[in-house]
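K.L.:
I have a structure here, written as structure tokens, and I will follow up with some questions on it.
The values are calculated or read from the model by the stated rules, or taken from the named source; none is laboratory data. Only a predicted model underlies this, so the values are computations on that prediction, with no experimental measurement involved. Because the Cβ atoms are built from the backbone with ideal geometry, glycine has one as well, and the counts that use them run over all protein chains shown. Please note that ligands, DNA and RNA were not included when accessible areas were found on the heavy atoms of the full protein model with its side chains. Shrake-Rupley method; radii C 1.70, N 1.55, O 1.52, S 1.80 Å.
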Amino acid sequence: MDEWWGVDAEEYIASIRAGAIDPHGRTADELEEEFAAYDRDWSARLALLSDAEVEEVIAGRKQVPPLPGTVPAAERPESVRRQEALAGRIRAIELRRARLEAEHREVLAAELQHLRDAGGDVGMAVKESASILAAELRLSDRAMERRLVDAWTTVTDLPAAHASHKAGRITGTHLRAIEQATEALRADPSVDPADRAKVEAELVEIAERVTPSQLRSSARRIVDRAMAEPLQRRHDRAVEQRRAWVDDHDDGISTLSLSGPSVTIHGAFNRATDAARGKPKDDPRSFDQYRLDALMELLLTGQVPEDLHGINPIAATVTVTIPATELLKQTDDDEPQLRFSGALEGGALVDAATVRALASETITWERLFLHPVTGIPVAVDTYRPNRAMRRWLQRRDGRCRWPGCTNRVSRADADHTIAHADGGPTTLSNLAHLC
């Protein structure tokens, strides 16, 4: 596996499944098993190291034992050996950090569990313990109390994720993503504990292979499937909590935050993005600066919502993926079995009622099929793919295909894997989105 050093396995395998060609002729399934075995070997060998050996690796005085079947270190280029040694030290540091964080979490969880087992007024006992610890650690009472509760909750509710983090198989960022994604699921008493455990196991398995941002994207649908209450009801209740607030920072800078329905939030952001795309070339402002200025100008000088003609008509396109048959159904509180949820281009889930409302106002409908036998052209003789091919590629890729990149497909271009100038054809199998 030396030739794949530093490659994001999940992204590379996804690109092969999407139509790219592995230079060694391996299938996506073969690569998936090869990469999985490679990563298992790394994790297993790191797990066998004692704390003292981990410190030796971090200090650069020891290398992680070589993987079986690899090219001897002496035969590798010096630059490769240096990168391998650096990666080994970083992995060892991450392992040490994970072990320390997990131990810290277990100590706090044990303290709260002790207070619960002691009986009496648990709430007051926790506040008292948090006050004493806060004074010693120079933290606020509330911060210490929150740490106690969070640690106990993670160890108790997410034992598999905690164990994976302690073993160094996932990072703290992965663990926090799982905590956040499953918060509503764990708080719902009507969800079967066995279903919670299945969701946790599935998220941990994914977390051990992908980046935190990719984990968050997958977690939305996995958790939504396990929720006892359909997304439509949860959305209707959550939309009542929409609000806007301001946080002030140093240097005269403040942050305006908006929390509301995903469709309108993404629509407003895309509207400002479209404005920034039209920025004159001689304008000295950056893309982000121009986009913010466009938003502020609309908010400060635009008309009230009733006077829609007073708003700068920047066209915003909301791309929604939804089975066509769902557009024919109705969803209300009397139909809890309807479990469909749409998805914005960026991955945010959308309630079916909003999807139907958007679809009802769409003038032009186009067929979007995910297999070329349905009529989507797979190749053209020109350099640029036609519109139907671009639409198909957008649905296939979903985001920039560069390993580890999660930029939306709307910010990427359909590039040739084998350059067109070198004879690469303009076909679905030779095109992929790169930002």
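K.L.:
So which residues in segment 48-82 are among the hydrophobic types (A, V, I, L, M, F, W, C), modelled with pLDDT under 70, surrounded by 10 or more Cβ atoms within 10 Å (Cβ to Cβ) and not in a loop (DSSP other than H, G, I, E, B), if there are any at all?
P.N.:
73
K.L.:
Could you list, in sequence order, all residues of segment 279-307 that are assigned to a loop (DSSP other than H, G, I, E, B) and either at pLDDT 80 or above or under 24 Å from the mean Cα position of the chain (by Cα) (or both)? Explain how you work it out, then say what you get.
P.N.:
Taking segment 279-307 first, the residues assigned to a loop (DSSP other than H, G, I, E, B) are 279-286, 302-307.
Passing the criteria: 279, 280, 281, 282, 283, 284, 285, 286.
K.L.:
Moving on to the next point. Criterion first (open to solvent by less than 50 Å² (accessible area, probe 1.4 Å), of a type in the set (Val, Ile, Thr), at pLDDT below 85 and more than 23 Å from residue 90 (Cβ to Cβ)) does residue 223 satisfy it?
P.N.:
Criteria not met by residue 223.
K.L.:
Also, quick follow-up: Between residues in segment 209-235 that are more than 18 Å from residue 169 (Cα to Cα) and residues that are among the small types (Gly, Ala, Ser) and not in a helix (DSSP H, G or I), which pairs lie under 7 Å by C-beta distance while being six or more apart or on different chains?
P.N.:
217/347; 220/347; 224/341; 228/190; 231/341
K.L.:
Follow-up question, since we're still on this one. Within segment 265-272, identify whether any single residue is in contact with a helix residue (DSSP H, G or I) (Cβ under 9 Å, 6 or more places away or on another chain), modelled with pLDDT under 85, among the charged types (D, E, K, R) and not in a helix (DSSP H, G or I), and answer yes or no.
P.N.:
No, segment 265-272 has no match at all.
K.L.:
Output the residues belonging to segment 247-291 that are within 30 Å of residue 231 (Cβ to Cβ) and among the β-branched types (Val, Ile, Thr).
P.N.:
Correct list: 255, 263, 264, 265, 273.
K.L.:
So which residues in segment 245-264 are at pLDDT 85 or above and more than 24 Å from the chain's Cα centre (by Cα), if there are any at all?
P.N.:
Looking only at segment 245-264, we keep the residues that are at pLDDT 85 or above, and these are 245-247, 254-261.
Residues satisfying the conditions are 245, 246, 247, 254.
K.L.:
Restricting the search to segment 406-435, which residues are surrounded by fewer than 17 Cβ atoms within 10 Å (Cβ to Cβ), in contact with a Cys (Cβ under 8 Å, 6 or more places away or on another chain) and either among the polar types (S, T, N, Q) or touching a residue at least 60 places away in the same chain (Cβ under 8 Å) (or both)?
P.N.:
407
K.L.:
Considering only residues that are part of a helix (DSSP H, G or I), within 24 Å of residue 161 (Cα to Cα) and out of contact with any Ser or Thr (no Cβ under 8 Å at 6 or more places or on another chain), which ones fall in segment 220-243? Write out each step before concluding.
P.N.:
Taking segment 220-243 and keeping what is part of a helix (DSSP H, G or I), we get 220-226, 231-241.
This time we only want the ones that are within 24 Å of residue 161 (Cα to Cα), so: 220-226.
Across segment 220-243, the qualifying residues are 220, 222, 225, 226.
K.L.:
Of all the residues that make up segment 229-269, how many are surrounded by 13 or more Cβ atoms within 10 Å (Cβ to Cβ) and basic (Lys, Arg)?
P.N.:
Summing the residues that are surrounded by 13 or more Cβ atoms within 10 Å (Cβ to Cβ) and basic (Lys, Arg) in segment 229-269 gives 2.
K.L.:
Does segment 105-118 contain at least one residue that is over 27 Å from residue 163 (Cα atoms) and without any contact (Cβ under 8 Å) to a residue 12 or more places away in the chain?
P.N.:
no
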